[in-house]
Amino acid sequence: MTTTISPLIAGNWKMNGLRGSLDELTALAGMLTTGEAPRALVVICPPATILSEVVHQGATAGILAGGQDCHTESHGAHTGDISAGMLADAGAQYVIVGHSERRADHGETDAQVCAKAEAAIGAGLKPIICVGETESQRDSGDAENVVAAQLAGSIPEAASQHEVIIAYEPIWAIGTGRTPTIEDISSMHAAIREKLTARFAEKGPSIRILYGGSLKPQNAREILAVENVNGGLVGGASLLAKDFYTIISAV
Ligand SMILES: O=C(CO)COP(=O)(O)O
């Protein structure tokens, strides 16, 4: 049985973006409203400092907003952290959890990522749960096992009742300009689909699986056409409206 999934393209601005970056958002909104209607849902995950501007400026063009991380708790003495409820309060609808940069920089475990995804769902957000292998794990033929373990540990049971999104981001492809072969992307996404369907039964075939890692205007058309690639999570190329629009239009 094949399920039609509407694609989603999300831009992860990471720790890039001052108020000046909102010019790019204005430019993107202009392209989205004057050009052909996008075939993908468009989400931007800016730094939290400009989240509410993205919510408001993006609304006219149908651009949705997301956070880049959230805490596992709803509130409390956690200096510097942001809860899922706060992101929702600012107008976000999505939140990235378990990005490899946070797993690496902050030692986040699958269990913590799972708790964050659960907190996101509890606050009414759709978590974008990231998984992906290192280069040495791929070289030693372990990529699918590593990703399978991350999926098992990072997706909360609540995903059977609520929307979650998976983002497959091979760590060695992030910010490097390198991407897996189309065959490797295809077999990893098929393996992820199989795991989702085995665990979540009829819900599994409808869960979006995004590809991320050096997704660019030059390779977007080919990668986004792969079966079980239901959109993309874009870093560097989401910072320039023209590049991001080209990727959105490649769907
Ligand atoms: O980490 C990414 C998105 O979350 C991918 O980043 P790049 O597109 O810059 O490789």
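No lab work stands behind these numbers, since they all come straight from the coordinates. In this text, all values refer to a predicted model and were calculated from it rather than measured experimentally. For neighbour counting, all protein chains shown are included, and Cβ atoms are generated from backbone atoms with ideal geometry for every residue, glycine included.
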| So between K242 and D184, what do we pick up on full extension, going 0.36 nm a residue minus the alpha carbon distance? | 18.1 nm
| For E108, which sequence-distant residues (separation of 5 or more, or a different chain) have an amide H within less than 5 Å of its own amide H, given hydrogens modelled in the peptide plane? | R103
| query | When the Kirkwood hydrodynamic radius is evaluated over all pairs of different C-alpha atoms of segment 138-251, what value in angstrom, to one decimal, is obtained? | reply | 14.6 Å
| request: Work out Dmax and Rg for segment 61-104 from the C-alpha atoms and quote the Rg first, both in angstrom. | output: 11.4, 37
| Counting other Cβ atoms within 10 Å, which GluC sites (Glu not before Pro) in segment 12-100 have at most 16 and lie in a DSSP loop? | E36, E73
| Quick one: Karplus J couplings for segment 99-107, per residue in order, coefficients 6.51, -1.76, 1.60, θ = phi - 60°, nearest Hz, x for Gly and Pro? | 4, 4, 5, 7, 4, 6, 6, 10, x
| Among T79, T60, T134, residue whose mean-square fluctuation peaks in a GNM of the chain (springs only between Cα atoms under 10 Å) | T79
| note | Once normalised by the length of segment 89-132, the mean sequence separation of its alpha carbon contacts under 8 Å that are 6 or more apart gives a contact order in percent of 57 percent
| Equivalent ellipsoid semi-axes, segment 56-202, via Cα gyration tensor eigenvalues times 5, rooted, Å | 26, 17, 17
| said: Going Cα to Cα from K14, which lysines come in below 29 Å? Please leave out same-chain ones fewer than 8 positions away. | reply: K116, K126, K195, K216, K242
| query | Ordered by residue, what ³J(HN,Hα) values in Hz, to whole numbers, does segment 125-131 give under the Karplus form 6.51 cos²θ - 1.76 cosθ + 1.60, where θ = phi - 60° and Gly and Pro are x? | reply | 9, 9, x, 9, 8, 8, 9
| remark: Taking the alpha-carbon centre of each part, the distance from segment 82-107 to segment 183-218 in Å is 21 Å
| note | HN-Hα couplings for segment 150-155 via Karplus (6.51, -1.76, 1.60; θ = phi - 60°), in whole Hz with x for Gly/Pro, come out as 5, 4, 4, x, 9, 9
| said: Checking the a/c ratio against 1.5 first, then a/b against b/c, what shape does the Cα gyration tensor give for the chain? | reply: rounded
| message | If you average 1/r across every pair of different Cα atoms in segment 130-190 and take the reciprocal, what Kirkwood value do you get, in Å? | response | 12.4 Å
| Once segment 1-140 is represented by equal point scatterers at the alpha-carbon sites, with solvent omitted, what log10 I(q)/I(0) does the Debye formula produce at q = 0.16 Å⁻¹? | -0.88
| query | Can you give the Rg to Rh ratio of segment 1-84, both from alpha-carbon atoms, with Rh computed by the Kirkwood formula? | reply | 1.05
| remark: Relative contact order as a percentage, the chain, C-alpha pairs under 8 Å and 6+ apart, gives 21 percent
